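Take a look at the structure below.
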Amino acid sequence: MSTAYPLPSGLSQATVTNTASLIRIVTLALISGAAIASRLFAVINFESIIHEFDPWFNFRATKVLASQGFYEFWNWFDPTAWYPLGRVVGGTIYPGLMATSGVIYNILHALNLPVDIRNICVLLAPGFSALTAWATYMFTKELKDESAGLLAAAFIGIAPGYISRSVAGSYDNEAIAIFLLMFTFYCWIKALKQGSAFFGMLAGVFYFYMVAAWGGYAFITNMIPLHALILILMGRFTSRLYVGYSSWYAIGTLASMQVPFVGFQPVKTSEHMAALGVFGLLQIIAFAQLVRSHLSSKQFQNLLFVAVIGTGILGSLAIVGLTYKGWIAPWTGRFYSLWDTGYAKKYIPIIASVSEHQPTAWPSFFMDLQLLMFLFPAGVFLCFKQLRDEHVFVIIYAVVGSYFAGVMVRLMLTLTPVVCVSAAVALSTLLDTYIDPVEPLVPEEATPSASGDDSTTTSASGSKKAKKPAGPTESTTAQSTPKPRSRPGIFGLDTRLVVIFNAFGMLSFFVFHCTWVTSNAYSSPSVVLASANPDGSQHIIDDFREAYYWLRQNTPETSVVMSWWDYGYQIAGMADRPTLVDNNTWNNTHIATVGKAMSSTEEVAYPILRKHDVDYVLVIFGGLIGYSGDDINKFLWMVRIAQGVWPDEIQEPNYFTPHGEYRVDDQASTTMKNSLMYKMSYYRFAELFGGGQAMDRVRNQAMPKQGPTLDYLDEAFTSENWIVRIFQVKKEDLLGRDLKSANAFSQGKKRKRSKPTARRRAIV
Amino acid sequence: MRFTHLLPLLPLCWAASKDALNTLVDLAAASNGLINLDGNTFDLLTSPKRNWSASIQFTAMDQRRRCAPCREFDPSWVEVAKAWSKTPKEHRDQHFFATLDFDNSQATFQKLGLQSAPVVFVYPAAEGPRQLPSGRTTPSKYDFSHGFEAGPLAEHLSNHTPIPIPYKAPFDYAGWTLTAVGGLAFLLTLRFISPILQSRWTWAAGSIVTMLVMVSGFMFTRIRGSPFTGGDGSWIAAGYQNQYGQEVQVIAMIYGILAATIVILIVQTPKQASPNRQRMQIYAFTAANLLVYSILVTIFRVKNRGYPFKLLF
């Protein structure tokens, strides 16, 4: 046996194994460290703060859980949200995230480590990313071997596609959900491979945890049945599949029904019917196999076959019938819009309006996954080459995941794990092939496939095949069939070095890319903004907190704040004031009411505000410093959502110029100029420029010299960079006049009386 | 005071609107339920004394006007108007469908300040029992954000008609026949093509092509309706959040080539028995990998101007 480079000799097998496992453990620890560290940019660049919008609610709920205990949290009714309706929080959330932090908090306090609950919440996502790396390692190990597992763990540890949802401070359900997703899949694969009821049960338990943690659990609910169904169609029904699936489904479904927010959905909604249907199908097939093994009569077997098919058809007809009758709820809009992509924009603008529900353009894929993007198809190809049961799973996941990620930006998150796994399989096979020191013999006879200390593809797949003789369409790769020619391999050292050098070059580029993307794109808390001073130093824009703390310290605790729903959770979390609508968009009409108030004239909006006891109205305005995520840019969605409920009063085309442009300058349409949102945004804006030309820096339009006036609201507070503007709603006039004429009177303007003046003038 | 002044006039205007109504009914009946307006009939139809409502399409069908959307929208409009003309007479005569072509009355377009076509205005009844509760008499504009199809149009206009428009999408004979024939052909040839269907490589090709197309932003172009290329002939759209149809093809091809170099290096090259030929292959495919990857990064730098890294160029 000739080798391309000298190998150390005289090492016992035990030494090699021990060293290898030590290196594996150290590597995994380092990967976890890297995964956590790269998520800390946000804390270092800014501070330990909760990010964005939804995390503020989760944080608030966790505080309730930590301070008042689980039972109080479970029964928590929040009267300050959705004023005046209130919100039953315990029954309308996925409590997994808060429960996790609560448990960690209690453990640490039991150990006399008085860690602040906020720091636990901020650092939960990085911590769980380390666990995700480990789960991915375990999953990939089942697919190929340990080396691929380590690569996959490293990939998912630093891939921006996952970091985008798990930086420190991004305290959201996804933070723990990806770990649960990967671990449930790992248990499922393990259960399937071993026919183990224990792993099936473990998959069920982690499925329950996932259900308790994230609405995306429906992905698992449909992936596992799809995998099982395709295995059946491929003729790969085994008792292992039966045991694994049945134990997962029975335990997982019963457990998931304990979450109040889910309740009886697993037997009543279409999202869960696939799992139920496949469960039934498996029982029928298993029964048929059992009967068949006990009978010999050919006719009876035929009859049985017909009976099985018939039962299957009847079962699916029953499901269809029940759906028509309304016993089973049809697909909910959020899931339905994944299939019929135009559906959401037409019927549920509130879903279509969310920026993370937009379709994904290719630069986002490349930004989030870079190198992995083209290793991904290569890995899927290699899966097809082997095509064991677990490879079928990865293939299905890859196809389904890439479709979903294409439809919605936020589902990039569910694609990322499979991309990492599949890319790791491809890259580790490449490295295996080219690091393997064994050179093939040049001309003559074949040598027995001798393997050294490292496991090559050949020996790995060969040994697994020996363990698992089942499977009619087992792979017959070129390597495993003995051929008269030499065992395939690579000649020479330079060839090895070229490929390995290229691979390591790509990998280090990937590391630089990930670090850059993470620090630049995904580490902004969005509550605090950063910009650069002329000398390059960082300038922090802290308008949001400034304004929220103003509300907290200067207004009565009961005063109701109205804003667009995006800011509801932040106002509740930071200003601690009741809000009309928030990011839990369960009541479309209530949101449309706010939209109507914002997009109507002051006279129309005022009764709405008064009826809802609104004391303050908060708008986000970016025109001064060029903050593009402001309310004027979101305004059309408010109009659209309001139009959905009041098509007679609010019409979107009225907010455009006759040329169909969306303008805010002096050419803006009258409806636009008179809308409450426009008036509040640009109130006294022109004065700021002291007679010069006022410019809106977001829309790059010159504003008119004479800004809008307000009669029914008073400016109460405007933050340093004008990002947040708060207006106080005036009370009714004490003399019973409408506020407009009262205002005109106090400014010394006389009421217009056209006829008398004309007469007087005629006399003069 | 004011009302007493008007009272003597009331029978007169009743009579006038009766006449106008009859004229409009005749006009509608004459042309399949869709009135072809000119300046005078437009004023008649939208007279401030109307106790009927009307939907009016403003269009420019003449070839010289080069209004492609007008011609695209017109069939849907005719269909919906036709569906309305089938309703019972007592409902039909309370709502009219009409078309005003730019070349028939440019003055009307100027009067309404219309500068683009097609536009659909719905005029509510200004008097009588069908007057809107809010008292609005000005027209409302139909929003084309749902496209030019007849279905959404009929659904929206039904809010303004006395009874819903009985519009049904025409049965798609061609589509169903094609599906049936295709299904039949599939069943007939099943035994011949089943080896292909059972081959894993058929499925591999299908899956990988699907994946490549999806991750190259195909769904983005579908949902957003991006054009294949830009108006100025450029194939690559400016901006990180945007892309043209051709980019899907180019990017999918680049990913495909890169994946292929990896797969060849893994699967094909080790089987090569001649050392020299193998060396050639390894160098060639590694170089191809590096080169195409550099091209990909360069294209990405066009999309994301702030990207600091580059490979070969």
Problem - Filter result for the condition that a residue is within 9 Å of chain A (Cβ to nearest Cβ), surrounded by fewer than 19 Cβ atoms within 10 Å (Cβ to Cβ) and either touching a residue at least 40 places away in the same chain (Cβ under 8 Å) or more than 25 Å from A:Ala405 (Cα to Cα) (or both), over B:Tyr255, B:Tyr283 - result: B:Tyr283
Handout entry: Flag if A:His272 is within 25 Å of the chain's Cα centre (by Cα), farther than 30 Å from A:Gly90 by Cα and crowded, with 20+ Cβ neighbours inside 10 Å
Key = no
Exercise for the section: Would you be able to say whether some residue in region A:520-541 is within 30 Å of B:Leu290 (Cβ to Cβ), in a helix (DSSP H, G or I) and at pLDDT below 90? Expected result: yes
Practice task
Could you please let me know if B:Pro270 is part of a helix (DSSP H, G or I) and within 7 Å of another protein chain (Cβ to nearest Cβ)?
Solution key: yes
Handout entry: Residue that is nearest to A:Asp576 (Cα to Cα) [pool: residues in region A:607-652 that are within 14 Å of another protein chain (Cβ to nearest Cβ) and part of a loop (DSSP other than H, G, I, E, B)]
Key = A:Gly629
Fill in the blank from the handout: In region B:198-248, anything touching a residue at least 12 places away in the same chain (Cβ under 8 Å), within 7 Å of another protein chain (Cβ to nearest Cβ) and of a type in the set (Gly, Ala, Ser) is listed as B:Ser216, B:Gly217
Exercise for the section: Filter region B:258-267 down to residues that are more than 7 Å from chain A (Cβ to nearest Cβ) and not small (Gly, Ala, Ser) and give me whichever is surrounded by the most Cβ atoms within 10 Å (Cβ to Cβ). Expected result: B:Thr261
Problem - Selected residue [at pLDDT below 95, over 23 Å from A:Ala152 (Cβ atoms) and loosely packed, with under 10 Cβ neighbours inside 10 Å] from A:Ala42, A:Ala4, A:Ala14 - result: A:Ala14
Completion exercise
The correct count of residues that are among the polar types (S, T, N, Q), more than 9 Å from chain A (Cβ to nearest Cβ) and out of contact with any helix residue (DSSP H, G or I) (no Cβ under 8 Å at 6 or more places or on another chain) in region B:103-118 is 2
Problem - Subset of region A:47-61 [surrounded by 19 or more Cβ atoms within 10 Å (Cβ to Cβ) and either in contact with a His (Cβ under 7 Å, 6 or more places away or on another chain) or within 11 Å of A:Val122 (Cβ to Cβ) (or both)] - result: A:Ile50, A:His51, A:Pro55, A:Phe59
Handout entry: Any chance A:Gly169 is farther than 27 Å from A:Val243 by Cβ and in the same structural domain as A:Lys268 (by TED's automatic domain parsing)
Key = yes
Exercise for the section: Looking at (1) within 25 Å of B:Leu34 (Cβ to Cβ); (2) within 14 Å of another protein chain (Cβ to nearest Cβ); (3) out of contact with any strand residue (DSSP E or B) (no Cβ under 9 Å at 6 or more places or on another chain), find the lone condition where B:Phe121 falls short. Expected result: (3)
Exercise for the section: Take A:Tyr162 and decide whether it is out of contact with any Phe, Trp or Tyr (no Cβ under 9 Å at 6 or more places or on another chain) and modelled with pLDDT of 95 or more. Expected result: no
Problem - Tally of residues being more than 10 Å from chain A (Cβ to nearest Cβ) and out of contact with any helix residue (DSSP H, G or I) (no Cβ under 8 Å at 6 or more places or on another chain) across region B:128-154 - result: 9
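The values are calculated or read from the model by the stated rules, or taken from the named source; none is laboratory data. Everything numeric here is computed off the predicted structure, so don't read it as measured data. Positions of Cβ are generated from backbone atoms using ideal geometry, with glycine treated the same way; all protein chains shown enter the neighbour counts.
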